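The structure appears right after this line, and notes come after that.
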Amino acid sequence: MLRLDSLRAGYAGGTALHGVHLEVAAGTVHAIAGANGAGKTTLVHAVAGLVPVSAGRILLDGEEITTLPSHRRARAGVGLVPQGRRVFASLTVAEHLAIAHRSGRHRGDPVSTWNPSQVLRLLPQLASRLRHRGHTLSGGEQQMLAIGRALLTQPRLLLLDEPAEGLAPRLATHIHDLITTLAGRGLGVVVTSPQPALPLAVADHITILAAGRQRATATGPEIAADPTPLHRALHHTTTGAVADRTTTATPPASADATGHERTRRISTLIGGST
Amino acid sequence: MGPVETYLIPAVNGVAYGLLLFVVAAGLTLAFGAAGVLNLAHGTLYAVGAYAAAVLTDGSWLALAAAVAAGTTLGAAAGAGLAVAVAPLASRGHLSQALLTFGIALVAGALLVLAFGADDLRPVVPPVLDQPVSLAGRAYPGYRMAFIAVAAVLAVAGWAVLTRTRAGARLRAMVDDPDMLAAVGTNPRAVLAAVLAAGGAAAGFAGALGAPIIGAGPRTAEMVLLLSLVIVVLGGLGSVPGAFVAAIFVGQVQSLGVVLLPGLAPYLLFAAMAVVLLGRHRRSSGVLPGGHR
């Protein structure tokens, strides 16, 4: 679905991302965790086409999109739920849905095609707010709108940049349930978070970024067998000892463990640093 | 002289003048709000429409219609051409784009003088429109009344497009956050081109119909541009309702202000602009519409 090959990217005058390798399969959730300034947003923006890529490649279902302008990536199937939601302040909820809605692009695609009424069924909070403008919505409503807006572009890949930021724990849990639902419908999902334990509840894979570099790599079974690499990488980032390595690791995904059960276990694992 | 003649007539003149400037300034403020393009050739598009009216009109309705069609079409084409011209400079910043449009305006202004001479030209409108109408018992130029009606219809139609259609929603979304508009699959450059073309069409239309009010001449472009810029600044960059209020205000300052405060009239506009800018500086945010990061 999504593949990043030694991706380097950054804003004018500096590289914020130094050679990141990443693979996200359809129907899976890949969490990117790391402290502020670790390069999470740069990574998400590079995939969405909002930050120029200086080296490396971005492949979406085998097709290279590295140099496509942002709007063509959206049409190719990259959906963005940005940090801070960034809903259109002067547009009503209904207008957000209307201008984002694109139909019939991926006919025959396993990912379901979204229309506004399906989005309102998934996000019922928005239904009573259709005539309200973006700037009058609560933080939670804005987050739902940002997700609905992205879904209506018929994404194959959904990028969520710190979707739980500033939300009450109950809403954050709701967002994570939504992520699980969407991945279950076949979307590839990338979700970032400053705290590793939050996305771990829903993630099939996790990458720890620090100072724009990956810290280490592991998969679900590997972590279940030996949590030390994740432990070490998480510990380094969460205690602020930012170093130059990255961990990709997968939480222990035992079949019967719920997301919250997994969060609890990971928190215990890493010494309650959430 | 009674109060009607002293105040009402200039006030209605001010409305006509203000609506004319609003039709021009709306395109200017939208292009700036949507993409940061300060189109300094915008006054020239008005002048092109005004020359079209001066050259084509002969007192018949057909000729007036032809002049309006020509002014609108030329304005739209020139606006689209400006969009193509400024596109390669997008990465070099707003100043480069503004300078390019300024250069284009200077060249086009010189060409207009070459083509039409340095004298002010007057259009010939159909005689029916030249009949005075009665305004509170006094004779008032009929053409101005007709212009107020047409400009009001155009303003309402433009407002409806901006607030009721999907295209209008896309444009407002671009003023709010162009990156996010691109992220939902809309090409921001296409939106800018559409804004410049539509704004150009409005300016050309205003020039063709407004020529009897602000006529075709070598100084037309710079005067219309200057007043439009004042309106855009007073109304808040990118704000169409703000531009409307500011345009009516400028129209009143230019007509009623001259009657009420003849000694101060030349300074009123820029004093008002200074007051607005100082007040806005204190509030700091809100001058430039933009995304929420």
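The values are calculated or read from the model by the stated rules, or taken from the named source; none is laboratory data. The structure displayed is predicted, hence computed values, not measured ones. Here Cβ is always computed from backbone atoms with ideal geometry, including for glycine, and neighbour counts include all displayed protein chains. Ligands, DNA and RNA are stripped out before the accessible areas are found, and what is left, the full protein with its side chains, is counted by its heavy atoms. Shrake-Rupley method; radii C 1.70, N 1.55, O 1.52, S 1.80 Å.
Data for the structure
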item	result
Total accessible surface hidden between A and B, rounded to 100 Å², 1.4 Å probe	1900 Å²
Shape of region A:124-200, Cα gyration tensor, a/c cut at 1.5	oblate
Global form of region B:35-176, assessed from the alpha-carbon gyration tensor, a/c cut-off 1.5	oblate
Drop in accessible area of at least 10 Å² in the complex versus isolated chain, residues of region A:132-157, 1.4 Å probe	A:R149, A:T153
Residues losing 40 Å² or more accessible surface upon assembly, region A:46-66, compared with the chain by itself, 1.4 Å	A:L50
Spacing of the two label points (7 Å from each Cα toward its C-beta) at B:V128 and B:A65, in nm	1.2 nm
Carbon and sulfur %, accessible surface of region B:141-224 computed with the full protein complex present, 1.4 Å	69 percent
Most fluctuating residue given options B:D58, B:D177, B:D119, as computed from a GNM of chain B linking Cα atoms under 10 Å	B:D119
Most to least packed among A:63-76, B:10-23, B:41-54, B:81-94 [average Cβ atoms within 10 Å]	B:41-54, B:10-23, A:63-76, B:81-94
A:Y11/B:L226 FRET efficiency (R0 30 Å; Cβ-Cβ; nearest 0.05)	0.20
R0 of 30 Å, Cβ-Cβ distance A:D61-A:A98: FRET efficiency to nearest 0.05	0.60
Amide H partners (placed H, <5 Å) of A:A55, local residues excluded	A:R8
Degrees, to the nearest 10: B:42-56 long Cα axis against longest axis of chain B	40 degrees
Rounded FRET efficiency, nearest 0.05, which uses the C-beta distance separating B:H94 from A:T136 and R0 of 25 Å	0.25
Heavy-atom surface of region B:3-260, accessible at 1.4 Å and reported per residue (Å²)	40 Å²
Residues with amide H under 5 Å from that of A:V191, placed H, sequence gap 5 or more	A:H30, A:A31, A:I32, A:L160
Minimum 50 Å² accessible area buried by the other protein chains, region A:70-94 residues, probe 1.4 Å, relative to alone	A:H71, A:R86, A:F88
